[in-house]
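See structure below.
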Amino acid sequence: MAKLIRKSSQFCAFECYSERGILSYFLFRYLPFGGNLNIFINSLSFPKNYDNPFTHQKISNPVFFSELELGKKGFGSPDGAIFF
C-alpha cells in the first residue's frame, strides 16, 4: 500500500504518495512561479567546494521535464530535469 509522504518547505508543504509525485509537484507547480526557480538554482552546491556557476544568472524560458529516458549509458532515466 502507498504511503503518504509529507515534505515541508519554507513556503509550502508537499503531500504525495511517492518521491516522483513530490518531484513532479515541485517541477510543475512550484518552481515555475515567482522567483522560485532562481532561489532553487542559487541554492545549489557542488562537490569539492566548487562555486555555483549559476549564481545570480537570469534564467529565461526554462523547460521542465518529467520522466526522461536518455538511454542506458550516461544519465539513464532521471525523474526530472530543467533546461535553460
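Quick notes
- The chain: most fluctuating residue of PHE46, PHE65, PHE33 per GNM, C-alpha cutoff 10 Å: PHE46
- Relative contact order (%) - criterion: Cα under 8 Å, at least six apart; region: the chain: 20 percent
- Label-to-label distance, nm, for residues given as PHE83 and PHE28 (7 Å Cα→Cβ offset): 1.7 nm
- Rounded to the nearest 20 debye, the dipole size of the chain about its Cα centre is 100 debye, using +1 on the Cβ of Lys and Arg and -1 on the Cβ of Asp and Glu.
- Taking each residue as 0.36 nm, the span from PHE64 to ASN52 lengthens on full extension beyond its C-alpha to C-alpha distance by 2.3 nm.
- Dividing the summed helix terms, -39500 (n - 2.57) for each DSSP H run of n ≥ 4, by the number of residues in the chain produces a 222 nm estimate of -4000 deg cm²/dmol to the nearest 500.
- Seen from every direction in turn and averaged, the convex hull around the alpha carbons of the chain projects onto 7.4 nm².
- Top positive-direction residue, dipole computed over region 21-84 with Cβ charges, set PRO47, PHE84, VAL63: PRO47
- Backbone HN-Hα couplings from phi across region 56-73 [Karplus 6.51/-1.76/1.60, Hz, Gly and Pro as x]: 6, 8, 8, 9, 10, 6, x, 10, 9, 10, 9, 6, 7, 10, 10, x, 7, 10
- Under 18 Å from LYS7, Cα to Cα: aspartates and glutamates that are on another chain or at least 8 residues apart: GLU15, GLU19, ASP79
- Exposure proxy order (Cβ contacts within 10 Å, fewest to most) of ARG6, ARG29: ARG6, ARG29
Read the figures in this text as sums done on the coordinates, not as results from a lab. Keep in mind the model is a prediction, meaning the values are calculated, not measured. Heads up, the Cβs are rebuilt from the backbone with ideal geometry, glycines too, and the neighbour counts pull from every protein chain shown.
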